[in-house]
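A quick write-up on the structure given underneath.
The values are calculated or read from the model by the stated rules, or taken from the named source; none is laboratory data. All figures in this text were calculated on a predicted structure; none of them were measured in a lab. Cβ placement follows ideal geometry from the backbone for every residue including glycine, while neighbour counts extend to all protein chains displayed.
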Amino acid sequence: MLRPDTFALTALLALITALGPVSTDMYLPSLPDIGRLLTASAAEVQLTLSAYLVGFAGGQIVYGPFSDRYGRKPLLLMALALFCVANLICAAAPSIEVLIAARALQALGGSGAIVVARAIVRDLYAGARAGRELSLMGSIMAVAPIVAPLIGGVLQTAFGWRANFIVALLVGLVAAVTVWRALPETLARRAGDPISFRGIARTYRRLLANRAFAACLGILATSFAGLFAWISASPFVLQDIYGLSAFGYSTVFAICSVGFLAGTFAASAVVERLGLGATIGLGACALAAGGMSMCAALAFGTTSVVAIVLPTTLYLFGLGLVMPQAMAAALTPFPDRAGAASSLAGFVMQSSAAILGAVVGHMLGDSAWPIAGPLAAMGLAALFIWAASRRGRNDTGMAKSLG
């Protein structure tokens, strides 16, 4: 059995949380080809992303409370089984409508995996230590958006878009078998309240009443939404407007994702010294700087791909600093409801990303502004929320969470 404070456990949790990036990033180079082969418009193809986000958000809202009541491992195994079945349906989808529906089902499985993985971290660690663990997981997980598009580009070139979902199925099976054989139950004390809609709603109201949680929720939602503006628009902007091939796009996407990897490495190195709040602040500055620098480059008429790549890399560096720490700060005040807190945070993040992703899909045209505008807006919003929340950090809950 895997034990706390071991690389093996961290790697397993990172693999589980990487299912989301694998499910999304690997097939990004195939989006234009999916549209051509399934006779779908760019907006319809983009719905395969938005449907995943909606399903991911809806799934997260229920997994957490159930895992607080019935344990982490049973819920995690159920989620992984659903994820694997959905990948089979995606691979066999005969139409864009079936693919959209299967992506939503795939998200229902993937959402449970990431919710329970975050709750396991809170079961075992707290405060800055939890932030460091989530950063280490993020560093490992960050390899997925770097490698996945490259793999996706190769699979698209050699076998076509359906191969992406076969590979995602294999990753899900590896995770499921490892969890079944090696992961112990980490929930020490199960919630005694019976599961009911009213009880879940009452728990979520309690979470939202905490000012630290609400601030972290805003930071997570805005910064993550900016990421999905990039994910939604970049395949069409960089391939259709800037003329990159599927493999060329996947290479650019991987380069940008190195920014997230660097951010998580930096966070794991400094968070226990600086604290959660200061680390989040540094990341929020990078988010805003990345978005604003891309807007400036486009406003001055720059047409080079570099003007997209460098600001996006800076934004993703900020995201690597912000996300693990904001998630740790959100979960810290609620050791008895870590699953529910993880669920609500994930639901709000995915919902905001789905909404912005759908908007960006309808903004697509003949420029890169559908990437630049949302990145700048979300980066500035995250920075504003962080700065505004600093005034309340003498509050006990804020101090425990944000440092």
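Overview of values
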| item | result |
| --- | --- |
| From GLY339, GLY365, GLY357, residue being modelled with pLDDT under 85, under 19 Å from the mean Cα position of the chain (by Cα) and within 24 Å of ALA51 (Cβ to Cβ) | GLY357 |
| Looking only at the stretch 203-214, and only at residues there that are within 19 Å of ALA57 (Cα to Cα) and out of contact with any Leu (no Cβ under 7 Å at 6 or more places or on another chain), the one that is surrounded by the fewest Cβ atoms within 10 Å (Cβ to Cβ) | ARG205 |
| Any chance ALA284 is modelled with pLDDT of 90 or more and either hydrophobic (A, V, I, L, M, F, W, C) or assigned to a helix (DSSP H, G or I) (or both) | yes |
| Near pairs, Cβ below 9 angstrom, 6+ apart or cross-chain, from the stretch 98-120 (under 22 Å from LEU47 (Cα atoms) and free of Cβ contacts under 8 Å to residues at least 40 places away in the same chain) to any residue that is part of a helix (DSSP H, G or I) and of a type in the set (Asp, Glu) | none |
| Candidates SER367, SER343, SER351, filtered to the one that is more than 11 Å from LEU287 (Cβ to Cβ) and surrounded by 21 or more Cβ atoms within 10 Å (Cβ to Cβ) | SER343 |
| Index of the failed condition, GLY218 passing every other in (1) at pLDDT 90 or above; (2) out of contact with any helix residue (DSSP H, G or I) (no Cβ under 8 Å at 6 or more places or on another chain) | (2) |
| PRO29 being surrounded by fewer than 19 Cβ atoms within 10 Å (Cβ to Cβ) and not aromatic (Phe, Trp, Tyr) | no |
| Unmet requirement for ALA353, which otherwise passes all of (1) touching a residue at least 24 places away in the same chain (Cβ under 8 Å); (2) on the phi > 0 side of the Ramachandran plot | (2) |
| When residues of the stretch 1-26 are limited to those that are of a type in the set (S, T, N, Q) and surrounded by 18 or more Cβ atoms within 10 Å (Cβ to Cβ), the one farthest from ARG103 (Cα to Cα) | THR10 |
| Residues of the stretch 250-287 satisfying the condition of being among the aromatic types (Phe, Trp, Tyr) and surrounded by 24 or more Cβ atoms within 10 Å (Cβ to Cβ) | PHE253, PHE260 |
| Residues of the stretch 70-114 classified as within 17 Å of the chain's Cα centre (by Cα) and of a type in the set (Ser, Thr, Tyr), total | 1 |
| In the stretch 205-260, the residues that are β-branched (Val, Ile, Thr) and over 25 Å from GLY152 (Cα atoms) | ILE219, THR222 |
| The stretch 58-102: number of residues that are surrounded by fewer than 17 Cβ atoms within 10 Å (Cβ to Cβ) and either charged (D, E, K, R) or under 19 Å from ALA188 (Cβ atoms) (or both) | 4 |
